[in-house]
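Okay, structure first, notes after.
All of the numbers you see were taken from the coordinates with simple rules; none came from a lab. Quick caveat, the model's predicted, so the values are computed rather than measured. Because the Cβ atoms are built from the backbone with ideal geometry, glycine has one as well, and the counts that use them run over all protein chains shown.
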Amino acid sequence: MIYLDHAAATPVSEKVLEAMKPYFSDEFFNPSAAYLPAKKVAHDYEKAKGVIAHAIGAKASDLVISAGATEANNLAFTAILDGQISHSAPRPAVPSARAAGAKSRAAALRNAPSQDICPVLYLATEHDSVRCVAEQFGGTAISVLPNGLIDLEDLKAKITDDTELISVSLANNELGTIQPLAEIAAIVREVKLDRMKRGIKKQLLLHSDASQALNLLDINVARLGVDLLTLNAAKVYGPKGVGALYVSHDAKLKPLTVGGGQENGLRSGTENVPGVIGFAKAVELAKEHLNGNRKKYATWRKILIKELQGCELINKKHSLDNFIVICYNKIDAERLVFLLEEKGVYVATGAACAASKGVRSHALKAIGLSDEQIAGSLRLTLGETNTEEQIHEAAQIINTVLEQEQNRLIS
Ligand code: PLP
């Protein structure tokens, strides 16, 4: 097997699995329990949160652990609901957490501002877990340029006095495009200053989904200037269904789940201790290998670009080193995916979820590709399961399959 779909899923690395194992059976205690072994588990959990937080220049208390990036992205948008709570407040006692439970998610959404006010701006190429929740709040899409980068002029034009939250991923999941978050944060700061001068008190927060970036970029929340940042263990050789939301002191959120008051009341439910221990180990390893991996993937990316025949490279610039998006003229990429699978090469057309729903990728559309180009596009994402030998082999197999497909179409 040559797996070239690391943006969709990464295998849990052996070291991560080893770190997680004791917490399934030996150290299984509920961190909220009062006896000593449980307190040790609570301590290990907090320590692991500290490792994840440290990797992005934050503290353990700045993180809300979630069941993946989808939940973290959804949670970020509660910042614009009325009656939010501060994540940094002391963990509420169980009775008050239960009282908070009276306000259900449905009730929270009923408090959402009316559609014509539009408190949300989001990048047109965002993952569906951002796009769908932004649309629930009547959000407006910010355009991207043909190279996939945010159109900063469009952003400036769309910010109004009603805007409360701007969501722009650090790196896109279909194109790998790295967005200029620090530049966006500078624009946000200017708007905030102007509002202050005019006596407007409305909040303006910047959220970024860094699910795809954590593996390949050195992330620091202060340097990026974000108020909210989503992380995803499943994309860094950690377990699936584990994520985190960094929450700055300026952002006040509302819980999506209520109950026992865990995660400072923002994410009730018994902590996923093995998941978070694994996430921390995965983050540690990602940091350790960041520079080496970037160099390696950049080299392999060049090899693929050179050796793949008859295609156009879509993500020419500003991309993560492990993303190669190509487009074949008059070829059905979905057929290529199946043919390649028969030869043991696993690739994606557009985003994995968009492809499985049989819909055209909104991200490829947003950068101006025609339906025909989208239908002929493949996403190859490199990762730790690959070797340089595999990269040459994959290029050769893809070229052969393409040639067969072209011959089939001619005959
Ligand atoms: N955000 C981005 C950029 C992603 O790539 C993904 C997963 O593909 C998600 C969010 C959703 O992650 P999960 O399905 O783990 O919740």
- Query: Can you give the three extents of the C-alpha atoms in region 289-410 along their principal axes, from longest to shortest, in whole Å?
  - Reply: 41, 31, 23
- Query: By how many nm would the segment from Ser32 to Lys240 lengthen if fully extended, with 0.36 nm per residue of separation less the alpha-carbon distance?
  - Reply: 72.5 nm
- Once amide H atoms are built 1.01 Å from N in the peptide plane, which residues 5 or more positions from Gly261, or in another chain, come under 5 Å H to H? Ser268, Gly269
- Counting only chymotrypsin sites (Phe, Trp or Tyr not before Pro) that are in a DSSP loop and have at most 14 other C-beta atoms within 10 Å, tell me the longest site-free stretch of the chain. 36-411
- Given a cut-off of 26 Å, name the pairs among Lys49/Lys201; Lys281/Lys302; Lys15/Lys39; Lys47/Lys252; Lys49/Lys240 whose C-alpha atoms lie farther apart than that in the structure shown. Lys49/Lys201; Lys281/Lys302
- Query: Using the Cβ atoms and a cut-off under 14 Å, what net charge is assigned to the surroundings of Thr387, where Lys and Arg are +1 and Asp and Glu are -1?
  - Reply: -3
- Taking K and R as +1 and D and E as -1, what net charge do the other residues with C-beta under 14 Å from the C-beta of Ala222 add up to? -1
- Item | Cut-off 13 Å (backbone N to label point 7 Å along Cα→Cβ of Glu183), residues of region 145-176 | 145-156
- Search the structure for amide H atoms under 5 Å from the amide H of Gly243, placed 1.01 Å from N in the peptide plane, and list their residues when 5 or more places away or on another chain. Ser66, Ala67, Gly68, Ala233
- Per-residue HN-Hα couplings for region 161-176 [Karplus 6.51, -1.76, 1.60; θ = phi - 60°; Hz; x = Gly/Pro]: 5, 8, 5, 10, 9, 10, 10, 9, 5, 5, 9, 6, 7, 9, 10, x
- Message: I need two numbers for the chain: Rg to one decimal and Dmax as a whole number, Cα atoms only, in Å.
- Response: 22.1, 74
- Can you give the charge dipole size of the chain about its Cα centre, rounded to the nearest 20 debye, using +1 on the beta carbon of Lys and Arg and -1 on the beta carbon of Asp and Glu? 1140
- Task: Have a look at the DSSP beta bridges in the chain and tell me what percent are antiparallel, nearest 5.
- Result: 60
- Task: Identify, among Ala79, His207, Ile159, the residue whose Cα sits farthest towards the positive end of the charge dipole of the chain, taking +1 on the Cβ of Lys and Arg and -1 on the Cβ of Asp and Glu, with the dipole about the Cα centre.
- Result: Ala79
- Query: Does a label point 7 Å from the Cα of Asp161, set along Cα-to-beta-carbon, have any residues of region 171-210 with amide nitrogen under 12 Å, and which are they?
  - Reply: 195-202
